[in-house]
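The values are calculated or read from the model by the stated rules, or taken from the named source; none is laboratory data. Small disclaimer: the values here were computed from a predicted structure and weren't measured. Backbone-built Cβ (ideal geometry, glycine too); neighbour counts: all protein chains shown.
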Amino acid sequence: MNTKRVGARTVILKDPPSILSYANIGGKLEGKGPMAQCFDELSEDSFFGEKTWEKGESAMQQRVVEHALSKANLTPEDLDFIFAGDLLNQCIGSSFGLRDFNIPFYGLYGACSTMGESLSLAAMAIDGGFASKAAAVTSSHFCTAERQYRMPVPYGNQRTPTAQWTATAAGCCILGREGQGPFVTHITCGKIVDKGVCDVNNMGAAMAPAAYDTLSAFFKDTKTVPSDYDLILTGDLGELGHSIVQDFFAKDGVNMKKNYLDCGMLLYDLEKQDMHAGASGCGCSASLLCGYLLPGLRAGKWRRIVLAPTGALLSPTSSFQGESIPGICHAVCISSEK
């Protein structure tokens, strides 16, 4: 019998892996936001010293892994696996950024949910005895995402009120079998949820149903309620998606207002920086996890949190063909205690 399953969709890790170290990198606008002090490195140069924005995103991934390894006094040879992804076609931000590390590599695509996906797989690999240490990495870049999904930045197209700003940021967590924590204790794998939203400038509405679906499953499987956690964060829904999730739960008689936030509402000052509905991009939740949440757990600010990054599983091809936007959300419970 598989004793690591709890309910229909949740996994409980019997020997919760420890997050040994973490690091993050941000760009110019991240350095002007309220979370600026939470970054290990900030760059005024959107190219990160490279010739193209895509190469710059790869440089971010390379440097964030180097930061995390250095903090843990580890070398690339100490890692059994690296789980990484980004928003670019064929995950080139990750494959080109990490190719010189010579670490066994799993390339992932969960859109903006990728940090939840990579963290889940790294934790399960370690708890399952398949690895001793593994890294979870992801990044996004405003200019590369705009070029791929919408309009090239020099075009200067107008943004709708529901639009979000893709974070130029990267985050890396290194997990190990032993350590002082924080610890990954539970994981709920998301399902693909599609409510027929087709507006690529309204990702919050497209992804919110997936967040509600996964968090509902997590609470049901673990027999807990939102008040059992110090903080619950979805990833990159922004103001609109955050309010939709609250409305979904309110219809179930569940109050999410006391301890539920969204990473897309925290990274920037939405009014002063003119960010419309908020931040997006897998670098948003990844950088806040590594610069804000995990340090807070270590400092005793929180004891137990749930991070539930959300992703929109679309591509330029699917949008051109008139397809709707499927959503996904992976929830990870992280605790200061095993």
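The table below lists the values:
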{"item": "Residue in region 39-69 that is surrounded by the fewest Cβ atoms within 10 Å (Cβ to Cβ), counting only those that are β-branched (Val, Ile, Thr) and under 19 Å from the mean Cα position of the chain (by Cα)", "result": "VAL65"}
{"item": "Neighbours by Cβ (under 7 Å, 6+ apart or cross-chain): first from region 27-38, surrounded by fewer than 20 Cβ atoms within 10 Å (Cβ to Cβ); second part of a helix (DSSP H, G or I)", "result": "ALA36/GLU30"}
{"item": "Residue in region 298-308 that is at pLDDT below 95 and either of a type in the set (Asp, Glu) or part of a helix (DSSP H, G or I) (or both) present", "result": "no"}
{"item": "Count of residues meeting criterion [among the hydroxyl-bearing types (Ser, Thr, Tyr), closer than 22 Å to LEU294 by Cβ and either without any contact (Cβ under 8 Å) to a residue 60 or more places away in the chain or in a helix (DSSP H, G or I) (or both)] in region 206-249", "result": "3"}
{"item": "Residue tally, condition more than 17 Å from the chain's Cα centre (by Cα) and more than 12 Å from VAL200 (Cα to Cα), over region 312-334", "result": "2"}
{"item": "ALA72 vs. criteria surrounded by fewer than 17 Cβ atoms within 10 Å (Cβ to Cβ) and touching a helix residue (DSSP H, G or I) at 6+ places or on another chain (Cβ under 9 Å)", "result": "no"}
{"item": "Unmet requirement for ALA123, which otherwise passes all of (1) more than 28 Å from ASP262 (Cβ to Cβ); (2) in contact (Cβ under 8 Å) with a residue 24 or more places away in the chain", "result": "(1)"}
{"item": "Set LEU87, LEU74: member being at pLDDT below 95 and not in a helix (DSSP H, G or I)", "result": "LEU87"}
